[in-house]
Structures are given as structure tokens and as C-alpha cells.
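Contents: one structure, followed by commentary.
A short reminder: the numbers here are calculations on the coordinates, not readings from a lab. What you see is a predicted model, and the numbers here were worked out from it, not measured in a lab. Note that each Cβ is placed from the backbone with ideal geometry, even for glycine, and that neighbours are counted across all protein chains shown.
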Amino acid sequence: MKAVFDGASVRCGRDGQALYDQGGFGRREGESLRLAPQEAIYLLQRGKIEIEGFDLDRFLAVFAEQPDVVRSFLVYRDIRERGYAVQTGPHDFRVFKRGQRPGTGESLYLVRVLSERDPIRFSELMEEVTTAHNMRKLYLLAVVDDEDELTYYEIKIQNLPAIPAAVQFPPIGGVFAGRSVMAKIPPGSPFEQAWFGSRLDEARLLFSPLETFYLAGIDVLSITADEKKVSAEEIFSRAVESDSEFLHKSKVYADLRGRGYIPKTGYKFGHHFRVYSGGKAHSEMLVHAMETGAGMPMSTISRSVRLAHSVKKKMLFACVYTTGIQYIEFARIKL
């Protein structure tokens, strides 16, 4: 089948309609068919079209300075070879349910193509995931590594359901003990039932800076120093001196506690929190707090998802906004 390259896309004549009708390739424009570069490379490689003045090598050379084109072609080819019809846009690709195609079927996935070195901007990602959700599509990242191998991640907005909490806390007093706060609380107290603090001895609990700030914020814990009550601002300033991430961590911690979850340090897993729910003995989630506008390399996220999967936990990133906390789950999948 003859085709012509116009510098941006490849156009087939009237006989190109068969490519659209049978395989969902391209977009109809009157009596002709317009193919995106990724589609044209795929069809040219398989001998389905002939582009005037170009063989495969020469056509690929046109995009030598555009690594995104070749990268997205690798994803396009992989998805096609898995039995899906694919169409460019919105995002990078729309992927149809198996056995369906453009014009007669319904798309299942919206796919964004990235390299392993691309940064993830969580505010932008949230917008795209929300768009996909509103369109009732699943949102995927297709990541191409430096050896041109592909990994797919499904990205979801997680609206964590609230868990009823029956524990009532009595008011207590405490004093600073290094970075922690010490309070005289006997074993079996409501605080230990809700997994607050670590026991120093039979008579005393130590609260971490996050626990301290949270309990002071809900008017349960009051701290005295030099016979004066310490304000919430002083507690916060003291914590920030040794933890530059305390601001957004404290907001996520308070949000999780407010929903009835139990966040504990996720240091051993390289993240801010491991999170328990419903009185379960093992944590179900790893949560990393992200300040507004923050980003993270895709390679770092990949390591996080792999580790979470290996310990049978979900990997969530908590994005802090002025309107609240949004949780985004990354999960590696196979198409």
C-alpha cells in the first residue's frame, strides 16, 4: 500500500481505509488515512505500507533527534503485539479492549510514555489521572528503560475509607526527652491500644515528634518546659530543626490518623510511613509524603514499587495540597 510522508505524518490514499477498518490504524480524513509516525514505523516494518522515498532505515533516521518518537514506537509495538488496538492521543495512546478498535469499540487504557530518567511531577500526574478517572479509563505509565525494555504501571487515586475509631484518650502531660516527649502512662492505656508511643519502662511512654505534634494538636497532650506550657508553634519549630520534611509528613500523619489508620515509621522500607488498618498485625501500605509541587525520578519510584510488592504492600504517594491530601497508588502490572 502506497503512502506519502508530509514531514509530520504519513498519508495513505483511499485504499488506506482497509487499515482503519480491519486494524484500527490511523485516523480518517475524508477519503484518505493519516498515520502517526509510530503507526507508520510499525506498518513499514511489517511491509504493510510503502512510503514514497523511504525505506525503514531512512524513515527512522528522520526521527534520530526525536527520542520520544522511537521510545513511543517501542511501546506502541509492544501493545499491538499483545493483541490490543492502539490509537494516538489523548495523553500518548488510547488502548482498546481486546477484540475492539476505534470507531466500533471502547478504549480501556490511557497511556503515557516515559523514560526511566524522566521526573514525575505529582501535580501534573494527578491532573492526568483525574482526567482518565472522569473518562472511566485506567491510567497507565509505560516506562522505557535504557536498554529499551518496558514496564507498565497502573496509577490510581486512592480515596482511603475512614475506619471507625472507638478509643478515647484522656488528657496527659509530658516533658521533652531529646527529640521525643516522655509521659507517665501505665501499660494497657488507650495510647498503646492505638499504637502511640514506645515504652521506656513500666511507667513511661516515649512519643515521637510526629506523635507529639498530633496529640498536642488534638488537645490530648500538653508539654511543660521550665514550668511553662509549650505551644504548638514551639513543638513544630523544635521538630523542624532536625527534620526538614516534618511539615508535609505531619499533615499526612494527621490525615491518616484522622481516617482511623495507624501510621508508623517506614524507615526500614525507605519511606515515611508503613500504615496499618483495622487492627491488623501487618502493615498494608507504604506511604511517602510529597510537598506541593514536588517531583521524583521515575527510577526512584520504580524501586519503591518493586520493594512494596516484594513485602506485599501497596505503594502510595501522599500529595499535600491546601485543600487536603490526595493519595496516588503506583502498581506494576502486566498487560
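Here region 249-287 is scanned for amide nitrogen atoms under 20 Å from the site 7 Å beyond the Cα of Ala232 along Cα-to-Cβ, giving 249-261, 263. Modelled this way, with points 7 Å down the Cα-to-C-beta line, the labels at Gln66 and Glu124 are 1.8 nm from one another. Can you spot the aspartates and glutamates whose alpha carbon is less than 13 Å from Lys48's alpha carbon? Ignore those fewer than 8 places along the same chain. Cα-Cα hits under 13 Å: Asp15, Glu39. Between the residues Val175, Leu206, Phe246, the greatest Cα displacement towards the positive end of the dipole of region 164-254, with unit charges on the Cβ of Lys, Arg, Asp and Glu, is found for Leu206. Where only DSSP H runs of four or more residues are counted, the chain gives -9000 deg cm²/dmol as its mean residue ellipticity at 222 nm, each run worth -39500 (n - 2.57).
Placing a label point 7 Å from the Cα of Met1 along the Cα-to-Cβ direction, the residues of region 36-67 whose backbone N falls under 13 Å of that point are 36, 39-51.
Think of each Lys and Arg Cβ as +1 and each Asp and Glu Cβ as -1; about the Cα centre, that makes the dipole of the chain roughly 1140 debye. Peptides 302-309, 108-115 ordered by packing proxy, namely the average of other Cβ atoms within 10 Å per residue, highest first: 108-115, 302-309. Kirkwood-type hydrodynamic radius, the chain: 23.3 Å, calculated from all non-identical alpha-carbon pairs.
Placing +1 on the Cβ of every Lys and Arg and -1 on the Cβ of every Asp and Glu, with nothing else charged, gives region 211-265 a dipole about its Cα centre of roughly 300 debye.
The Glu149 and Ser277 beta-carbon pair, evaluated with R₀ = 35 Å, returns a calculated FRET efficiency of approximately 0.50. Looking at region 164-254, what % of the alpha carbon pairs are farther apart than 22 Å? In whole percent, the long-distance tail amounts to 23.
Once you sort the root eigenvalues of the Cα gyration tensor of region 2-115 as a ≥ b ≥ c, which label holds: rounded (a/c under 1.5), prolate (a/b larger than b/c) or oblate (the other case)? Cα axes put region 2-115 in the oblate bin.
The calculated FRET efficiency for Gln45 paired with Glu106, based on their beta-carbon distance and R0 = 25 Å, is about 0.35.
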